[in-house]
Every structure is written in structure tokens, then in C-alpha cells.
Amino acid sequence: GIALSWIRCSRIGGDSWSGEVPLGEEEERYRVRVLSGETILREAETIMPAWLWTMAEIGTDLPAGGPVTFSVAQLSVVYGAGAAAIFELSLAPAA
């Protein structure tokens, strides 16, 4: 599978460079999307700054392979989804 992980940001008090920034939210939550073009192949929420797209899910979501876009946004009870971090990856067809 493909394991994603990221370093969370903070909306409140995040200017310190001396370690982990404060959460600044009631809870830590993220929305992860896997897209092919404009089509959402898979969407998930996680409570940690990590997510796994398993081989079985990849085979179901994108059996012919091809480029995919990953989008990760921090979720807030007050603000909703923040600006997403986005990156692309090209995958070979599932075996």
C-alpha cells in the first residue's frame, strides 16, 4: 500500500520553532482524498497525521493504474476544512 504522513500545522500559537506546535482545535482530524482528475476515488477521515491506502483499496479504486492526486486537509469544528496539501503520484496497474 501507500502510507501517507504529514506534520500538522496550527491555527493558534504556531509560530514557535522549538518543537511541536499546539493543536489549536478541540480535536485533531484530517480529511484525506484520493482523486483521479476531478473524480474522488476514496475519501477518509483520520485522527492522526497519517493514513494508509491499502493494496486492496488501490486495486479497487484504480485497477488500471495512472496518475492520482492526494489531498490532505486539517478539519476544524469552527472553520471546517483548511487549505489542503496536494501532491500527485503516478501508479503502475495493480497486479
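The values are calculated or read from the model by the stated rules, or taken from the named source; none is laboratory data. What you are looking at is a predicted structure, and each value in this text was computed from that prediction instead of being measured. With ideal geometry, Cβ positions are generated from the backbone for all residues, glycine too; neighbour counts draw on all protein chains shown. Surface accessibility is based on the protein's heavy atoms, side chains included, excluding ligands, DNA and RNA. Shrake-Rupley method; radii C 1.70, N 1.55, O 1.52, S 1.80 Å.
From the set of residues in the stretch 55-79 that are loosely packed, with under 10 Cβ neighbours inside 10 Å and closer than 19 Å to Arg31 by Cβ, which is modelled with the highest pLDDT?
Val77
Which numbered condition in (1) touching a residue at least 12 places away in the same chain (Cβ under 8 Å); (2) out of contact with any helix residue (DSSP H, G or I) (no Cβ under 9 Å at 6 or more places or on another chain); (3) open to solvent by less than 60 Å² (accessible area, probe 1.4 Å) is the only one that Glu88 fails?
(3)
Picking from Leu41, Leu23, Leu52, which residue would you name as being surrounded by fewer than 15 Cβ atoms within 10 Å (Cβ to Cβ) and either part of a strand (DSSP E or B) or modelled with pLDDT under 95 (or both)?
Numbers: Leu41 fails: surrounded by fewer than 15 Cβ atoms within 10 Å (Cβ to Cβ); Leu23 fails: surrounded by fewer than 15 Cβ atoms within 10 Å (Cβ to Cβ).
The match here is Leu52.
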